[in-house]
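Q: Here's a structure for you.
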Amino acid sequence: MAIQSFIPPQRTLMGPGPSDVSQRVLSALARPTIGHLDPEFITMMDEVKQLLQYAFKTKNENTMAISAPGSAGMEACFVNLITPDDTVVVCRNGVFGARMIENVQRIGAKLVIVDSPWGRAVEPQRLEDTLKAHPQANFVAFVHAETSTGACSDAKSLCEIAKRYQCLTIVDAVTSLGGIELRVDDWGIDAIYSGSQKCLSCVPGISPVSFSEQASEVIQRRSTPVQSWFLDQSLVMGYWSGKGKRAYHHTAPVNSLYALHESLLMLQQEGIENAWHRHQSQHQVLAQGLTELGLNFIVPEAERLPQLNAVYIPQGIDDASVRQMLLQEYNLEIGAGLGEFAGKAWRIGLMGFTARRENVALCLTAMAEALK
Ligand code: PLP
């Protein structure tokens, strides 16, 4: 049979990401492709930078979008900042903290792990005790919103502790940016990365990052080249920086950046505090409904992310057949468990454009039928 054009089904995406992309963002994606060094495009990139500074609540000059998914943002932060001479404290309470550990191991830096139980926030006291015991530590890394469990860590307190011990901070905000309170400058975050496909509700494949002045100086002072040519910030900034002539580094994903521009503009027009509030209020309706259906949350209420609702699969219910029924009958995607919770939990996302009342209602109706 001849291959036809691919027409995807119209789903409602309530998994751990990607989230639903609005028609407004999809339309931006379909605008004419222009050159990545076209002056019009460069003007738009400057606006993307401004909008990212707004979303991250930062004045960091070194703020940009990496042309690759969140994992590349993670790697960019680690490979640019860390060398084998450094000691990095990584807080692990789920899958993505474990990925940070792998990054540190591959660089060959000294690694200290602070473990907190999966399904719980990182414990600030454990970080403090670890830093006391390891005075040579110079970096602290943690995940703000652990997508594998739905736990929200207290980024402000963790950064405050790290600063007291003269450590630079690396924060994973892949799932947090746009969904919950996040203040890069006020909280003293030195390197942060996110993803386009979660609470920004843009198409997947772009990773916003931002580096503080102090972090940028560390990168500039490196005596060895960054082992990744593609992720080397000093080279990428030649293309993203407002200063002087833009130098070709790689061919930017032009249309995806139109989409990011539109999704960030939507966030700014809504007002980021309003977006945080919308995630919280829709989460409350969803959480109440799921609880009424007899589902139990993994994460205690005070540590829960509004945008990622992880619930235990009840005894006797078949994980895969429920998710398949939701997809087939309701065009609704929810996520399977990951890591320690594989086969034991569902992850129900309420991210970005998905976090709307009609989707909460659809999810509750569909789940009620699935659990009958
Ligand atoms: N960090 C967190 C917390 C995530 O949730 C994810 C993806 O789900 C990543 C990193 C990796 O991002 P990506 O899948 O865009 O590479």
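The values are calculated or read from the model by the stated rules, or taken from the named source; none is laboratory data. Since we're looking at a predicted model, the values are computed, not measured. Here Cβ is always computed from backbone atoms with ideal geometry, including for glycine, and neighbour counts include all displayed protein chains.
Q: Name the strands (runs of 3 or more DSSP E) wholly within the range 49-132 that hold at least 2 residues that are out of contact with any His (no Cβ under 6 Å at 6 or more places or on another chain) and within 29 Å of TYR312 (Cα to Cα)?
A: Passing ranges, in order: 87-92, 110-115.
Q: Let me ask something additional. Residues in the range 98-107: is at least one at pLDDT 95 or above, within 13 Å of the ligand (Cβ to nearest atom) and basic (Lys, Arg)?
A: Yes: the range 98-107 contains one or more residues that are at pLDDT 95 or above, within 13 Å of the ligand (Cβ to nearest atom) and basic (Lys, Arg).
Q: Now, a different point. If I ask for residues that are more than 27 Å from GLU340 (Cβ to Cβ) and either surrounded by fewer than 21 Cβ atoms within 10 Å (Cβ to Cβ) or of a type in the set (S, T, N, Q) (or both), which ones from the range 148-180 would you list?
A: Passing the criteria: GLU160, LYS163, ARG164, TYR165, GLN166.
Q: Within the range 68-91, how many residues are within 16 Å of the ligand (Cβ to nearest atom) and crowded, with 24+ Cβ neighbours inside 10 Å?
A: 8
Q: To continue, here is another question. Here's a check for you: in the range 321-342, which residue that is among the small types (Gly, Ala, Ser) and in a helix (DSSP H, G or I) is surrounded by the fewest Cβ atoms within 10 Å (Cβ to Cβ)?
A: Among those residues, the one meeting the criterion is SER321.
Q: Moving on to the next point. Considering the range 245-267 alone, what residues qualify as being of a type in the set (Ser, Thr, Tyr) and surrounded by 20 or more Cβ atoms within 10 Å (Cβ to Cβ)?
A: Hits for the range 245-267 are TYR258, SER263.
Q: Restricting the range 161-177 to residues that are small (Gly, Ala, Ser) and within 16 Å of the ligand (Cβ to nearest atom), which is farthest from PHE211 (Cα to Cα)?
A: That would be SER176.
Q: Please determine whether any residue of the range 255-278 is over 28 Å from SER207 (Cβ atoms) and of a type in the set (A, V, I, L, M, F, W, C).
A: no
Q: Here is a list: LEU158, LEU182. Which entry is in contact with a Ser or Thr (Cβ under 7 Å, 6 or more places away or on another chain) and within 16 Å of the ligand (Cβ to nearest atom)?
A: LEU182
Q: I'd like the residue in the range 21-42 that is over 21 Å from the mean Cα position of the chain (by Cα), among the aliphatic types (A, V, I, L, M) and not in a helix (DSSP H, G or I) and, out of all such residues, is surrounded by the fewest Cβ atoms within 10 Å (Cβ to Cβ).
A: So, considering only residues that are over 21 Å from the mean Cα position of the chain (by Cα), among the aliphatic types (A, V, I, L, M) and not in a helix (DSSP H, G or I), the one surrounded by the fewest Cβ atoms within 10 Å (Cβ to Cβ) is ALA30.
Q: Restricting to the range 204-214, count the residues that are over 17 Å from ALA173 (Cα atoms) and either within 16 Å of the ligand (Cβ to nearest atom) or of a type outside the set (Asp, Glu) (or both).
A: Selection size over the range 204-214: 1.
Q: Which residues, counting only those in the range 99-129, are touching a strand residue (DSSP E or B) at 6+ places or on another chain (Cβ under 7 Å), more than 14 Å from VAL140 (Cα to Cα) and of a type in the set (A, V, I, L, M)?
A: ALA121 - this is the single residue of the range 99-129 that is touching a strand residue (DSSP E or B) at 6+ places or on another chain (Cβ under 7 Å), more than 14 Å from VAL140 (Cα to Cα) and of a type in the set (A, V, I, L, M).
Q: Please state which one of PRO18, PRO8 is assigned to a loop (DSSP other than H, G, I, E, B) and surrounded by fewer than 15 Cβ atoms within 10 Å (Cβ to Cβ).
A: PRO8
Q: Looking at ALA361, ALA345, which one is under 30 Å from ILE272 (Cβ atoms) and buried (at least 17 other Cβ atoms within 10 Å of the Cβ)?
A: ALA345
Q: What number of residues within the range 45-67 are surrounded by fewer than 16 Cβ atoms within 10 Å (Cβ to Cβ) and over 17 Å from ILE272 (Cβ atoms)?
A: 1
Q: Kindly provide the set of residues from the range 181-196 that are closer than 17 Å to ASN60 by Cβ and crowded, with 24+ Cβ neighbours inside 10 Å, ordered by number.
A: LEU182, VAL184, ILE189, ASP190, ALA191, ILE192, TYR193, SER194
Q: Mind checking which residues of the range 57-67 are away from the ligand (no atom under 12 Å from the Cβ), more than 16 Å from GLN220 (Cα to Cα) and not hydroxyl-bearing (Ser, Thr, Tyr)?
A: LYS57, LYS59, MET64, ALA65, listed by residue number.
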